[in-house]
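Here the structure comes first, spelled out in structure tokens, and everything after it is commentary.
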Amino acid sequence: MALSKFIGREGELSRLKGLLDNRSASLIVVRGRRRIGKSRLLAEFGKEMRSLFFSGIPPAKKTTAQSQRDEFAYQIERAGLPSTKSDDWGNLFWHLSKHTTKGRVLIVFDEISWTGGKDPDFLGKLKTAWDMYFSKNSQLILALCGSISSWIEENILSNTGFVGRIAIDLVLEELPLNVCNAFWHPKEERITAYEKFKLLSVTGGIPLYLERMKPDLPAEQNIRDLCFTKGGLLVREFDEIFSDLFSRKNASHKEIVLCLANGPKDLGKICKALKKDVSGAYTKHLDDLVKAGFVQRDFTWNLANGQESKLSIYRLSDNYLRFYLKYIAPNRTKIEKETFINAALTRLPAWESIMGLQFENLVTHNRKTMWHLLNLSPEEIIMDGPFFQNTTKKQPGCQIDYLIQTRFNGLFLCEIKFSKNLIGQKIIKEMETKRKNLKVPKFCSVRPILIHVNGVEENVLDAGYFDKIIDFSKLLE
């Protein structure tokens, strides 16, 4: 059952509440991955004022511009406002503005790409309505909200008609791990970090998924209920939330994420794996996936001067997406036949290596907590992120799970290690090989850091090799 309590988003709420002090109307954009909590955040913010929410119809073959206008008109009536004709967006916006001329009002156009995607006049008429009607109420806030960030960026943020009119562009990301911990309340202190990780490895910091978790059940049972039971939320989720992005004309998006499911790759390797020529089209597809919040583009940088390089790799940053592609999709038939319900998770193919990738995602998504645990302030950090060094005639290749470079010539080499067992001394040899292969400027000090989920052996501690060994549970606090 979904939680009634609103969890997290203090920073985002604070930004929105700052709009209440404005002396003029505010036009804002709120975007991010589906299920990330955009509507819930705006509903929480809207408690402070009169709120009107409108949402487009999910795209389908029979969906037309007229059916979107009809639905908008129905929603106006259901909101308690007088009915009106739905023949024209300009008329609909004018009608809505007539009933929101005074007082503090929040108007939300949710899934705006659905609402206006089929009508070339939609955005022009919305811009006109904002200038002529909505903006006349100095206490009005109009939020344009959606999960297809590339559509919003191309059609609103980069549209000359809206330039200078957007007060805030708020991009919602996954909840930090310390906030995710609250979803186990009041049992959070009795559940181990390892058990929490099992669930977080599937859900990431996506609020809706965590709300559907039952804290009184073991992680394995929650994962079975959500992922391996007929009708389970995360069995159906892929088809529902990616229907926009992975439509027939965008089948390449699906090919790309399948390609990235086993680990990060650069553009060349992605195209080679897909047997495609390197082209602007695939760069655009990857950019769509990055903006949608499913893929992260990590740039390497020059350690000598701290300048970002042109070299980059793409990684699947959405934990649910990887888990679905690796374990749910291949077993959909068995799940539908209810023959997969008692499967042991650890017996799934490549379980350890996939969990390692999921673990790395959770840590890199919570880099600010890492900085705090390492006593680093944001002002000290020049560059940070997954780091790679290509093989050349003069140097071997090298990949660091997470590297931080500081202005005081410090390099923090973070090894992120998932293991169901204690980590042994082998990790020191692996890390030392990476350190030797990394081309380190003479003026830089190197500090190896180990981040683990299930403990380390005493001999690793006694060796004193790592400057700091961080237990995953610290990121949850």
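Data overview
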{"item": "T63/N178 FRET efficiency (R0 25 Å; Cβ-Cβ; nearest 0.05)", "result": "0.05"}
{"item": "Label-point separation, D467 to R78 (7 Å along Cα→Cβ), nm", "result": "5.6"}
{"item": "Simple spin-label estimate for N159 and S312 in nanometres, 7 Å along Cα-Cβ", "result": "2.5"}
{"item": "Kirkwood-Stokes translational diffusion coefficient of region 366-476, alpha-carbon pairs, 20 °C, 1.002 mPa s, µm²/s", "result": "146"}
{"item": "Pairwise centroid distance, computed over Cα atoms, of region 27-50 with region 289-321, Å", "result": "27"}
{"item": "Length gained when the stretch N459-E432 is fully extended (0.36 nm per residue, less Cα-Cα span)", "result": "8.1 nm"}
{"item": "Kirkwood-Stokes translational diffusion coefficient of the chain, alpha-carbon pairs, 37 °C, 0.692 mPa s, µm²/s", "result": "133"}
{"item": "The chain: antiparallel DSSP beta bridges as a percent of all, rounded to 5", "result": "35"}
{"item": "Hz values of 3J(HN,Hα) by residue in region 400-408 - Karplus curve (6.51, -1.76, 1.60), Gly and Pro given as x", "result": "10, 4, 7, 10, 10, 10, 9, 6, 9"}
{"item": "Euclidean distance of C-alpha centroids, region 104-169 and region 448-477, integer Å", "result": "48"}
{"item": "Ascending count of other beta-carbon atoms within 10 Å, so fewest first, for L289, L210", "result": "L210, L289"}
{"item": "Cα-based reach from K426 at 23 Å (exclusive), listing lysines while leaving out same-chain residues under 8 positions away", "result": "K417, K434, K436, K439, K468"}
{"item": "Full-stretch length increase - T392, L208 - with 0.36 nm per residue and alpha-carbon distance subtracted", "result": "61.7 nm"}
{"item": "Zone of D88's modelled label, taken as backbone nitrogen in region 105-139 under 16 Å from a point 7 Å along Cα→Cβ", "result": "120-130, 132-133"}
{"item": "Whole-Å distance, taken between Cα centres, linking region 65-97 and region 200-214", "result": "36"}
{"item": "Rounded FRET efficiency, nearest 0.05, which uses the C-beta distance separating K187 from L233 and R0 of 25 Å", "result": "0.75"}
{"item": "Cβ-based exposure ranking for D225, D462, D121, in which fewest neighbours within 10 Å come first", "result": "D462, D121, D225"}
{"item": "Over 20 Å (Cα to Cα) - which of K5/K198; K214/K474; K393/K429; K17/K47 fall in this group", "result": "K5/K198; K214/K474; K393/K429"}
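Only the coordinates and a few stated rules stand behind these numbers; no lab work does. Fair warning: this is a prediction, and the values are worked out from it, not measured in the lab. Heads up, the Cβs are rebuilt from the backbone with ideal geometry, glycines too, and the neighbour counts pull from every protein chain shown.
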